[in-house]
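*Asks:* Here you go, one structure.
Read the figures in this text as sums done on the coordinates, not as results from a lab. Since we're looking at a predicted model, the values are computed, not measured. Using ideal geometry, Cβ is built from the backbone for each residue, glycine included, and neighbour counts are taken over all protein chains shown.
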Amino acid sequence: MIVCLTVHESDLARITIVIPTIERPEYVTRQFKYWLPMPVKILILDGATNPLDIPTRYQSPNIHYLHSPTQFNERLANAPSLVKTEFCALLPDDEFFLPTGLMTAVSHLDSHPDSIGCVGRCLHFFVDQGRFLASHAYRDWKSFPDNATQAADRLEADLPPNKTHMTMYGVFRQQAWQRILENSCRTYFSCGYTYERLMNLQRSALGRTDILEVLLWMRSKENPPVISPQLPRYGGRDFVSWAKNPEFQNEVDEYRSRAREIISSAGVPTAEIQLFENRFFWGSIRRQEAKEQKVFASFRFKLTNFVLTSSPKGLRLFAKRHFPKWILRYLDWEGHDFDAILKSLQTMGTVVKPKELERVKELALETFFSRK
């Protein structure tokens, strides 16, 4: 893990953050509130049927709202053409990047010209019973080996049965980010999980990305994943079901062809292209199946999941107090209060500014109580 301690607020103006959204106006407004005092360039791409009317008091020359009722993948594939800054990042509409994390990412990339991007540390957050709670996320992420200088080395480290770190929500150099989005999102797939997999593959093929020991990403657990025909995830549209369904064979063939194209364009020896593509496709299926079997085989887990997601508040609270912690961790119902999570980050050596975390807490609580 690497971290740069010399950061400059002026570096925020060198970043554009693209926020795709659809039919979630309160979270779009929250993004306006959050980014209003900062010089970061924000581009909100709204696929809703009708455009959102943003209150004047939240508007800023640095925050651009574009109503674009097109497919999700189209909005992402076209986003690079709208970006003029050196560095870029994607962000879900209900989540946050912290300023110090962004500045550290820019500083790191300035001093590491061979890296195309970087990620930071992440916390899940949610509000329960009026309390802001957070928990550590993705602490199992692995860095690329120091000697992974060639595309084949990085693919070897990242493809199943190996694994490094996710980069969909990292900070990238503009040219690399453009290739990642254009090559991963230019085709619509009937499974919303395909795009991130292609993004990670393209990242590994293009160059090195690094993990920084700074809190960058606050991942929201306030909402379930977006359910939309633009980004199908359920009803036979999970990755394994989609990949094995003859109905989607043409899409699967295109997905695999795109993967081979990405691997080939990285200069991987011809004899290894198909081997890496098989690991990308079949290895991902086997890994996902193993994960699902581990999670859903237990009747006890299924019953617990029903109780946690379908029961009255009092029973959910009982479950949180008495059910095993491994279940709560999986469902992201285990959280720590502000002081505890801050102390934990500091103990781990993760750079964090309490005031930045406090701002996320403030907005999350505001959203929670506005629904009452």
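*Asks:* If neighbour count is taken as other Cβ atoms inside 10 Å, put 185, 118 in order from fewest to most.
*Replies:* 185, 118
*Asks:* At a threshold of 8 angstrom on Cα-Cα distance, excluding pairs fewer than six apart, so keeping six or more, what relative contact order does the chain reach in percent?
*Replies:* Result for the chain is 20 percent.
*Asks:* If the limit is 28 Å between Cα atoms, which of 142/291; 291/343; 221/294; 84/343; 163/294 go over it?
*Replies:* 291/343; 84/343
*Asks:* Tell me the mean residue ellipticity at 222 nm calculated for the chain from its helices only (DSSP H runs of n ≥ 4, each -39500 (n - 2.57), averaged over every residue, nearest 500).
*Replies:* When only DSSP H runs of four or more count, the value is -14000 deg cm²/dmol.
*Asks:* I would also like to ask the following. Please compute, for the alpha-carbon atoms of region 1-150, the extent along each of the three principal axes and give them in descending order in Å.
*Replies:* On the principal axes, region 1-150 reaches 50, 43, 30 Å in Cα extent.
*Asks:* Would you mind calculating the gained length between residue 60 and residue 147 on full extension (0.36 nm times residue separation, minus the Cα-Cα distance), in nm to one decimal?
*Replies:* 26.9 nm
*Asks:* With contacts defined as alpha carbon pairs under 8 Å and 6 or more residues apart, what's the relative contact order of region 62-148 in percent?
*Replies:* 13 percent.
*Asks:* Then there's this: For the chain, just list the percent of Cα-Cα distances falling in each 10 Å bin from zero outward, please.
*Replies:* Going from the shortest bin to the longest, the percentages are 5, 22, 33, 29, 11, 1, 0.
*Asks:* Counting other C-beta atoms within 10 Å, which of 180, 22 has the fewest, and how do the rest follow?
*Replies:* If I rank by nearby Cβ atoms, fewest first, I get 22, 180.
*Asks:* HN-Hα J couplings of region 46-54 from phi, Karplus 6.51/-1.76/1.60, θ = phi - 60°, integer Hz, Gly and Pro as x?
*Replies:* Running phi through 6.51 cos²θ - 1.76 cosθ + 1.60 with θ = phi - 60° gives 9, x, 5, 4, 10, x, 8, 8, 8 Hz.
*Asks:* What are the membrane-span-like helices in the chain by this rule: whole DSSP H runs, Cα extent along the axis at least 15 Å, mean Kyte-Doolittle hydropathy at least -1.0?
*Replies:* Counting only whole DSSP H runs, the qualifying helices are 99-111, 174-185, 194-206, 270-296, 299-310, 338-348, 354-370.
*Asks:* Where does each of 38, 166, 348 land when they are ranked from fewest to most other beta-carbon atoms within 10 angstrom?
*Replies:* Exposure proxy ranking, most exposed first: 348, 166, 38.
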